[in-house]
Amino acid sequence: GMFEYLAIWSVKRARARPFRVMVMLIVITAMASALLDNVTTVLLIAPVTLLVCERLALPAAPFLIAEVLASNIGGAATLVGDPPNIIIASRAGLTFNDFLVHMAPLSAVLILVLIALCRFLFRSSFRYDEQRAAEVMALEEREAIHDPRLLVQGLIV
């Protein structure tokens, strides 16, 4: 339930405004993708995105496209974010920190560029429905976590 928790939390922080929700999901996806594999990140975030879009009556495609791009950008930031990064780093003789120092700033700039492009490209998708927003704001994110002990164990591992 951690990703569902993050989705509800991010929607609340964004006050259910569609573009703000997209920005939050882009940032969460990029950060998760820097720590996990790109495909794994998208497989974990996509169902949550579909849930959020359904609740807010928004088209899911722009959000999913933005997340896939954010996953690729975020994955490029670290050695473990994308499998080819390991090959590149080993051939170049780079350590994890070397790779991070050189790639993370570029990834951060590219995320900002992606956010600006999404604002322009998907502007027609950002329809705000006050009634649906109120319903989502009423959700309690803590209810998404069904087994807190298992969550803590998983995070430690």
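The values are calculated or read from the model by the stated rules, or taken from the named source; none is laboratory data. Given the structure is predicted, the values throughout are model-derived calculations rather than measurements. Reconstructed Cβ throughout: ideal geometry from the backbone, glycine too, with neighbour counts over all protein chains shown.
Conditions tested, residue by residue: (1) of a type outside the set (S, T, N, Q); (2) out of contact with any strand residue (DSSP E or B) (no Cβ under 8 Å at 6 or more places or on another chain); (3) farther than 30 Å from Ala89 by Cα.
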{"residue": "Ala104", "(1), (2), (3)": "yes, yes, no"}
{"residue": "Val109", "(1), (2), (3)": "yes, yes, no"}
{"residue": "Ile115", "(1), (2), (3)": "yes, yes, no"}
{"residue": "Ser125", "(1), (2), (3)": "no, yes, yes"}
{"residue": "Glu130", "(1), (2), (3)": "yes, yes, yes"}
{"residue": "Met137", "(1), (2), (3)": "yes, yes, yes"}
{"residue": "Glu143", "(1), (2), (3)": "yes, yes, yes"}
{"residue": "Pro148", "(1), (2), (3)": "yes, yes, yes"}
{"residue": "Leu155", "(1), (2), (3)": "yes, yes, no"}
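Conditions (1) in a helix (DSSP H, G or I); (2) surrounded by fewer than 16 Cβ atoms within 10 Å (Cβ to Cβ); (3) not β-branched (Val, Ile, Thr), marked per residue:
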{"position": "Leu69", "(1), (2), (3)": "yes, no, yes"}
{"position": "Ile73", "(1), (2), (3)": "yes, no, no"}
{"position": "Val136", "(1), (2), (3)": "yes, no, no"}
{"position": "Glu143", "(1), (2), (3)": "yes, yes, yes"}
{"position": "Arg149", "(1), (2), (3)": "yes, yes, yes"}
{"position": "Gln153", "(1), (2), (3)": "yes, yes, yes"}
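When Thr78 is tested against (1) of a type outside the set (Gly, Ala, Ser); (2) part of a helix (DSSP H, G or I); (3) farther than 30 Å from Glu130 by Cα, only condition (2) is not met.
Taking the criterion of being closer than 27 Å to Pro84 by Cβ and buried (at least 21 other Cβ atoms within 10 Å of the Cβ), the residues of the stretch 43-53 that qualify are Ile45, Val48, Thr49.
So which of Val48, Val52, Val23 ends up being modelled with pLDDT of 90 or more and touching a helix residue (DSSP H, G or I) at 6+ places or on another chain (Cβ under 9 Å)? On inspection, the qualifying residue turns out to be Val23.
How many residues are outside any helix (DSSP H, G or I) and at pLDDT 85 or above if we restrict to the stretch 94-107? Number of matching residues: 1. The test for being aromatic (Phe, Trp, Tyr), out of contact with any Pro (no Cβ under 6 Å at 6 or more places or on another chain) and surrounded by 12 or more Cβ atoms within 10 Å (Cβ to Cβ) holds for Phe96.
A quick yes/no check of all residues on (1) within 20 Å of Arg119 (Cβ to Cβ); (2) surrounded by fewer than 19 Cβ atoms within 10 Å (Cβ to Cβ):
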{"residue": "Met24", "(1), (2)": "yes, no"}
{"residue": "Ala32", "(1), (2)": "no, no"}
{"residue": "Val39", "(1), (2)": "no, yes"}
{"residue": "Arg55", "(1), (2)": "no, yes"}
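The selection criterion, being surrounded by fewer than 23 Cβ atoms within 10 Å (Cβ to Cβ), within 22 Å of Leu121 (Cα to Cα) and not aromatic (Phe, Trp, Tyr), does not hold for Val11.
Table: residues versus (1) among the polar types (S, T, N, Q); (2) within 18 Å of Leu50 (Cα to Cα); (3) modelled with pLDDT of 85 or more.
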{"residue": "Leu110", "(1), (2), (3)": "no, no, yes"}
{"residue": "Leu114", "(1), (2), (3)": "no, no, yes"}
{"residue": "Phe122", "(1), (2), (3)": "no, yes, yes"}
{"residue": "Ala133", "(1), (2), (3)": "no, yes, no"}
